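Colleague: Handing you a structure now.
The values are calculated or read from the model by the stated rules, or taken from the named source; none is laboratory data. These numbers were taken from a predicted model, which means no experiment stands behind them. Note that we place each Cβ from the backbone using ideal geometry, even for glycine, and neighbour counts take in every protein chain shown.
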Amino acid sequence: MASIFLIGPMGAGKTTVGKHLARRLCRPFHDSDREIEAACGVDIPTIFDFEGEPGFRRREARMIDLMTRKQNIILATGGGAVLREENRQRLHSRGIVVFLDVNIDVQIERTSRTNTRPLLQHGDPRATLLEMSRQRDPIYRSVAHLHVSTSRQRHRRVVERICRMVEKYERDNSRQATVSASTPKA
């Protein structure tokens, strides 16, 4: 089974769902933001304070490259990981990408529980999240192999749905590869 990479906006549940999915599939779980923090020795807000978003995105791209080379893992990415083309290519070509989608009201509710999200610290969080969604939603959809809503869904149900979808996706791709291999070339 291929590695599974979770993408989507902040508050979609990538980390929580990823941990549950990893337990369900008996695989290692990684969170790209936590991996960046461990490598730097400081938290994400501190990286933003010192290096700004461009510096953070460079670190994120290096971590996405490193993590997507690992086999048989579950990886939760940061909401903006798909902004760089090289990240999109690496995610899409090295595993199964699952877009965890969430409606704005649930996203506001979930993201308001902490103040550790640098992009929501200034201005109106709802307006910021709506603008991010407008920009990023088409990118998430273009990178993803599978799409699952987490709005008002229990994590267990989301995990079971992902497992079924991944199994079907792999089965369908296996059949397609078999057909392509057995088709004579002209």
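Colleague: Just the residues that are touching a strand residue (DSSP E or B) at 6+ places or on another chain (Cβ under 9 Å) and of a type in the set (S, T, N, Q), please, taken from region 38-71.
Modeller: 68
Colleague: Inside region 98-111, can you point out the residues that are modelled with pLDDT of 85 or more and under 12 Å from residue 11 (Cα atoms)?
Modeller: Of everything in region 98-111, those that are modelled with pLDDT of 85 or more and under 12 Å from residue 11 (Cα atoms) turn out to be 100, 101, 102, 103, 104.
Colleague: Against the definition (surrounded by fewer than 18 Cβ atoms within 10 Å (Cβ to Cβ) and either touching a residue at least 60 places away in the same chain (Cβ under 8 Å) or within 29 Å of residue 23 (Cβ to Cβ) (or both)), how does residue 66 come out, yes or no? Please lay out each step first, then the result.
Modeller: On the way: surrounded by fewer than 18 Cβ atoms within 10 Å (Cβ to Cβ): yes; either touching a residue at least 60 places away in the same chain (Cβ under 8 Å) or within 29 Å of residue 23 (Cβ to Cβ) (or both): yes.
Here the answer is yes, as residue 66 does meet what is asked.
Colleague: Sticking with this one: So which of 152, 175 ends up being at pLDDT below 90, on the phi > 0 side of the Ramachandran plot and loosely packed, with under 14 Cβ neighbours inside 10 Å?
Modeller: It is 152.
Colleague: On to the next question. Could you tell me how many of the residues in region 37-48 are assigned to a helix (DSSP H, G or I), of a type outside the set (A, V, I, L, M) and touching a residue at least 40 places away in the same chain (Cβ under 8 Å)?
Modeller: 2
Colleague: Condition first: farther than 26 Å from residue 155 by Cα and surrounded by 14 or more Cβ atoms within 10 Å (Cβ to Cβ). Can you find one or more residues in region 100-115 that meet it?
Modeller: Looking through region 100-115, none of the residues is farther than 26 Å from residue 155 by Cα and surrounded by 14 or more Cβ atoms within 10 Å (Cβ to Cβ).
One line per residue, one yes/no per condition, for (1) at pLDDT below 95; (2) hydroxyl-bearing (Ser, Thr, Tyr); (3) more than 26 Å from residue 1 (Cβ to Cβ):
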position	(1), (2), (3)
84	no, no, yes
92	no, no, no
96	no, no, no
113	yes, no, yes
116	yes, yes, yes
130	yes, no, yes
142	no, yes, no
162	no, no, no
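Colleague: Can you run down the residue pairs with Cβ atoms below 9 Å, 6 or more apart or on separate chains, where the first is in region 125-142 and without any contact (Cβ under 8 Å) to a residue 12 or more places away in the chain and of a type outside the set (Phe, Trp, Tyr) and the partner is surrounded by 16 or more Cβ atoms within 10 Å (Cβ to Cβ) and assigned to a helix (DSSP H, G or I)?
Modeller: Note: pairs meeting the criteria are 128/119; 128/120; 135/83.
Colleague: Here's something else I'd like to know. Name the residues in region 67-87 that are of a type outside the set (Gly, Ala, Ser) and either over 15 Å from the mean Cα position of the chain (by Cα) or outside any helix (DSSP H, G or I) (or both), would you?
Modeller: 69, 70, 71, 72, 73, 74, 75, 77, 84
Colleague: Let me ask you something else. Select from region 1-36 the residues that are small (Gly, Ala, Ser) and either more than 21 Å from residue 88 (Cα to Cα) or assigned to a helix (DSSP H, G or I) (or both) and list them in ascending order. Can you show your working first?
Modeller: At the first step, the residues of region 1-36 found to be small (Gly, Ala, Ser) are 2-3, 8, 11-13, 18, 22, 32.
Residues satisfying the conditions are 18, 22, 32.
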